[in-house]
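The values are calculated or read from the model by the stated rules, or taken from the named source; none is laboratory data. As the structure is a prediction and not an experimental result, all values here were calculated from the model. All Cβ positions, glycine included, derive from the backbone under ideal geometry; neighbour counts span all protein chains shown. We work out accessible area using only protein heavy atoms, side chains counted, and drop any ligands, DNA or RNA first. Shrake-Rupley method; radii C 1.70, N 1.55, O 1.52, S 1.80 Å.
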Amino acid sequence: MKRYNPKVIEPKWQKVWDETKIYQATDPLSSGKSKPKRYVLEYFPYPSGAAMHVGHVRNYTIGDAVARYGRMRGMNVLHPMGWDAFGLPAENYAIKSAISPQEAVARNIAHFKEQLMQMGFSYDWSREINSTDPNYYKWTQWFFLLLFKRSLAYQQVSPQWWCPFDKTVLADEQVENGRCWRCGNEVERKNLKQWFFKIRDYADRLDKDLDKVNWSPAIKAMQRNWIGRSDGMLFEAPVKGTKIKLKTFSAHFEAFRADTFVVIAPDHPSLPELVKGTKDEKKVLNFAEEILKKRVKQGFTDEEHVEGIFTGRYIEDPVGNGDLPIWVASYALAHYGTGIVKCSAHDERDFRFAKKYNLRLKPVLLPADQKEAKKVRDQKYCYSDMVNGILAEPEEFAGKRAGDVRQKIVKYLVEQKLAKPQISYKIRDWLISRQRYWGAPIPIIHCPKDGAVAVPEADLPVVLPEMKSYEPSGDGHSPLARVAKFVNTKCPKCGGLAERETDTMDGFACSSWYFLRFADPHNQTKAFDKDKAEFWLPVDDYIGGAEHAVMHLLYARFWTKVMFDEGLIGFDEPFSTLRNQGMILAPDGRKMSKSYDNTIEPDELIEQGYGADSIRLMELFIGPWNQSANWSVEGLGGTFRFLQRVWALVEDFLETDAKAKAHNDELAVQIKRTVHRTIKRVSQDLDELGFNTAIAALMECVNELYKLKSDRNFELAQSAWEEGFIALSQLLAPFAPHIAEELWADLGQSGSVHVSKWPAWDKALVKEELITIAVQINGKIRAEIEVSADTAEEAVVEAAKNDARVKTALAGKAIKKTFYVPSRLVSLVTD
RNA sequence: GGGCGAGUGGCGGAAUUGGCAUACGCGUACGACUCAAAAUCGUAUUCCUUCGGGAUUGUGGGUUCAACUCCCACCUCGCCCACCA
């Protein structure tokens with residue numbers, strides 16, 4: 001008998017699939033075909049030098065199963081793959097390996113692609129893209145200019161997070177606990193002129209439109225939290241003895257009559273003006289500087305350690321709180337709200353601050369409980385329940401529950417012209433420029449006369465020049481600043497001498513539109529054709545880990561909305577369904593990483609003889625696709641054994657003499673029943689991505705077929721066996737494509753199993769003839785009875801009552817109530 | 001501190017959404033084959049048991065004829081965010 005040897009059959013079929021191009025998506029515009037489309041996408045990888053391990057493989061295996069199933073269900077499937085190759089990881093790898101990034105990327109892509117190929121994923125390689133290809137980044141630059149044109153890209157000098165190791169600025173999202181997300185080094189604060197995208201202008205839509213998409217609640221919550229919408233009121237008050245008016249934002253304005261002091265952020269741009277002319281002007285400004293330095297070093301972790309200083313100024317509060325002193329406070333943030341806050345006894349931080357500096361407090365929000373209320377009035381603790389608290393002031397709302405009158409207070413404040421409604425967001429504009437070599441150059445020319453001028457579209461792409469030494473300088477400029485030929489140019493507007501922008505774009509710019517390029521990857525004149533984009537997009541299944549929740553996914557949504565506003569596309573959400581797969585951890589329960597030396601690569605496993613099919617099966621069988629799991633080498637042995645059993649069964653059949661000696665109808669029906677029940681289970685499971693249970697169903701099916709085989713013989717039901725095996729190879733196809741294809745061919749089927757029509761189940765065959773009914777007496781199972789499936793309720797209940805064990809258990813007691821769950825159980829209740 | 005999720009055998013997990021808890025796989029034990037081992041095939045495998053049964057889905061309570069599933073309280077673990085007014 002032919003031995004099951006993945007090392008032979010897997011490369012063989014990979015080659016055939018590549019040559020016959022069966023996984024290419026059809027652009028309906030040219031073919032006129034009208035199959036329903038399905039766009040299945042996995043995050044395109046950045047080939048950084050770290051090889052693909054079994055954790056990554058799960059991502060692609062899930063996508064591939066979805067794509068293959070869709071194809072067999074008659075859909076026109078787009079399942080593309082490409083490379084997100086600009087950015088720090090690739091450049092750092094190149095520096096370490098002492099080669100050029102171009103060379104490093106080519107090398108890493110080749111390795112990664114080989115790894116994907118040997119797993120047998122059904123990608124349409126004719127659409128392969130690479131973000132570092134000038135044909136691609138030409139359009140990344142084009143989109144930068146689109147944002148520039150729409151006044152969504154701007155330059156500003158501001159203090160930025162700076163990574164001293166990577167020698168570049170980082171976006172807020174890329175700073176984790178004061179450390180660089182890439183190298184883990186502590187970040188510093190530096191004043192730099194940087195490019196930003198105005199993602200804040202889209203905060204409202206980015207928040208609201210989450211309602212439109214089918215994403216996991218967890219990811220939606222993370223995005224909502226990051227955007228941080230907060231509905232509140234904006235107050236304004238004059239500063240005594242000056243012409244300055246200060247604005248303050250409050251989301252918990254219900255207790256506005258409790259405000260007793262004001263705090264301003266130490267880095268607030270208005271602080272110097274505010275303290276100008278006061279006695280302690282210098283002292284206050286120096287103190288603010290000190291606070292800032294400490295804050296960068298220590299972060300905000302130390303809750304007890306609040307600090308502040310009186311500015312010497314007061315506001316005249318128009319809402320009836322009198323004159324309130326203005327303090328600089330370490331906990332006030334310049335970039336949130338207005339950077340200035342009116343403070344009260346009902347905010348924990350304010351409360352703590354007031355206690356430390358002996359500031360006046362006046363609680364007006366009290367607990368319903370009288371004893372507790374007294375404690376609050378005596379300022380024993382901070383009470384901040386804005387829902388259940390009872391207001392004491394103002395008179396109009398005295399005695400009312402804060403949560404009940406919130407909207408009325410809004411109305412009151414507006415009518416009295418004391419404040420106006422205001423929405424605040426936590427999200428800050430997207431810092432896009434990087435002082436690194438390996439990125440798409442920002443297509444801007446700085447002219448002494450005309451300022452920042454867009455590179456004309458005809459001059460795109462601005463090609464990244466090759467450099468021998470491309471290491472970051474650390475002086476705040478990218479290495480491109482050292483290439484005179486690149487820098488020196490002419491102004492497109494006035495023709496005078498000018499200099500090119502030398503910063504490159506954040507790698508997330510490239511990935512903010514790549515899903516659109518896959519719809520039309522070779523277009524030389526446009527980023528993509530509108531009709532093609534609108535046919536394929538939005539992405540139907542976007543599959544990837546949760547690590548992209550607040551960066552890539554937010555940026556991609558932002559760009560899509562800009563394109564929508566520009567009329568480039570007719571949809572404003574790029575990913576209709578997002579599926580977050582669970583992470584595969586190492587057998588030791590930790591994340592797989594080079595530093596732990598616990599990564600498991602598919603290459604090794606394939607080399608050991610398990611084969612891609614067993615690995616793929618294990619990735620899905622290990623647990624629900626969206627839950628994390630520890631990789632298990634023993635488990636892999638299990639899926640390999642399963643495939644071997646399938647193989648042995650089918651090959652054994654094929655070697656049996658085809659001339660039937662006799663025919664056994666009963667056996668044939670049993671085989672068909674087994675197979676058709678499995679078709680039903682696998683189909684229904686796959687419709688809901690129940691990969692693990694679908695595979696369990698296939699295993700059960702094979703176990704049952706083994707039993708049928710050992711009892712009787714292949715000769716006795718030749719055609720039933722054959723039909724069954726053909727269906728089985730189809731059911732295996734989305735999970736284990738190589739063995740499925742081999743068996744399909746061995747069974748004499750023409751073409752590829754992967755473009756065959758998914759089998760349908762026969763309702764009559766799936767229906768059970770005899771069913772087992774459990775009999776409960778007072779909630780306990782006391783017996784089981786067998787009845788034919790079409791027995792009427794009365795007859796089933798009667799049969800249950802007549803069962804010997806039931807009679808014993810009843811012991812003559814009268815039955816008070818009877819419940820019948822069709823084809824499941826009878827429940828009898830006695831007194 | 002805020003948000004999200006999860007707790008089921010020795011282990012990964014299943015349970016048609018309120019209807020026979022522990023499917024499927026791993027591991028383990030025994031048997032068959034073998035001179036032997038591996039591989040393979042088969043049988044058993046939640047726990048306790050005086051073999052009649054009894055207990056069991058993190059803990060305690062509730063609803064119900066019936067609860068892993070619904071409600072209330074609590075415990076534990078994981079992930080994300082966090083001086084955001």
How many residues does region A:573-599 contain that are assigned to a loop (DSSP other than H, G, I, E, B) and at pLDDT 90 or above?
3
Before we move on, is A:Glu471 under 25 Å from A:Trp142 (Cβ atoms) and either buried (at least 21 other Cβ atoms within 10 Å of the Cβ) or under 38 Å from the mean Cα position of the chain (by Cα) (or both)?
no
Looking only at region A:745-779, count every residue that is out of contact with any helix residue (DSSP H, G or I) (no Cβ under 7 Å at 6 or more places or on another chain), within 16 Å of RNA strand B (Cβ to nearest atom) and in a loop (DSSP other than H, G, I, E, B) and tell me the total.
5
Given the structure, is A:Lys417 part of a loop (DSSP other than H, G, I, E, B), in contact (Cβ under 8 Å) with a residue 60 or more places away in the chain, open to solvent by 30 Å² or more (accessible area, probe 1.4 Å) and not small (Gly, Ala, Ser)?
no
Which of (1) touching a residue at least 24 places away in the same chain (Cβ under 8 Å); (2) within 13 Å of RNA strand B (Cβ to nearest atom); (3) in contact with a helix residue (DSSP H, G or I) (Cβ under 6 Å, 6 or more places away or on another chain) is the odd one out, the single condition A:Val787 does not satisfy?
(1)
Among the strands (runs of 3 or more DSSP E) lying completely within region A:182-301, list those that include at least 2 residues that are within 10 Å of RNA strand B (Cβ to nearest atom) and open to solvent by less than 10 Å² (accessible area, probe 1.4 Å).
A:230-238, A:261-264
In the set A:Glu741, A:Glu786, which member is modelled with pLDDT under 95 and either within 41 Å of the chain's Cα centre (by Cα) or open to solvent by 60 Å² or more (accessible area, probe 1.4 Å) (or both)?
A:Glu786
Please verify whether region A:23-37 includes one or more residues that are in contact with a Phe, Trp or Tyr (Cβ under 7 Å, 6 or more places away or on another chain), among the acidic types (Asp, Glu) and crowded, with 16+ Cβ neighbours inside 10 Å.
no
Counted residues in region A:422-447 being within 16 Å of RNA strand B (Cβ to nearest atom) and in contact with a Phe, Trp or Tyr (Cβ under 7 Å, 6 or more places away or on another chain) come to 7
Screening A:Lys342, A:Lys380 for residues that are among the basic types (Lys, Arg), buried (at least 19 other Cβ atoms within 10 Å of the Cβ) and outside any helix (DSSP H, G or I) leaves only A:Lys342
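Here is a yes/no grid of residues against (1) within 11 Å of RNA strand B (Cβ to nearest atom); (2) on the phi > 0 side of the Ramachandran plot; (3) surrounded by fewer than 18 Cβ atoms within 10 Å (Cβ to Cβ):
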{"site": "A:Tyr610", "(1), (2), (3)": "no, no, no"}
{"site": "A:Gln627", "(1), (2), (3)": "yes, no, yes"}
{"site": "A:Glu634", "(1), (2), (3)": "yes, no, yes"}
{"site": "A:Ala648", "(1), (2), (3)": "yes, no, yes"}
{"site": "A:Ala694", "(1), (2), (3)": "yes, no, no"}
Given (1) modelled with pLDDT of 90 or more; (2) away from RNA strand B (no atom under 14 Å from the Cβ); (3) within 42 Å of the chain's Cα centre (by Cα), A:Asn358 misses just (3)
Matching residues, region A:529-543, being in a helix (DSSP H, G or I) and open to solvent by 10 Å² or more (accessible area, probe 1.4 Å):
A:Lys530, A:Asp531, A:Lys532, A:Glu534, A:Phe535
Out of all the residues in region A:529-558, which are away from RNA strand B (no atom under 16 Å from the Cβ), of a type in the set (A, V, I, L, M, F, W, C) and in contact (Cβ under 8 Å) with a residue 60 or more places away in the chain?
A:Phe535, A:Trp536, A:Leu537, A:Val539, A:Ile543, A:Phe558
Out of (1) buried (at least 19 other Cβ atoms within 10 Å of the Cβ); (2) within 16 Å of the chain's Cα centre (by Cα); (3) in a helix (DSSP H, G or I), the one A:Leu516 does not meet is (2)
So which residues in region A:701-732 are more than 18 Å from A:Pro759 (Cα to Cα) and either within 8 Å of RNA strand B (Cβ to nearest atom) or of a type in the set (Val, Ile, Thr) (or both)?
A:Asn703, A:Tyr706, A:Lys707, A:Ser710
Every residue in region A:74-93 that is at pLDDT below 90 and among the aromatic types (Phe, Trp, Tyr), please.
A:Tyr93
Kindly establish whether A:Ala419 is within 16 Å of RNA strand B (Cβ to nearest atom) and under 15 Å from A:Phe253 (Cα atoms).
yes
Any residue that is part of a helix (DSSP H, G or I), at pLDDT 90 or above and either among the hydroxyl-bearing types (Ser, Thr, Tyr) or open to solvent by 10 Å² or more (accessible area, probe 1.4 Å) (or both) - is there at least one of those in region A:655-668?
no
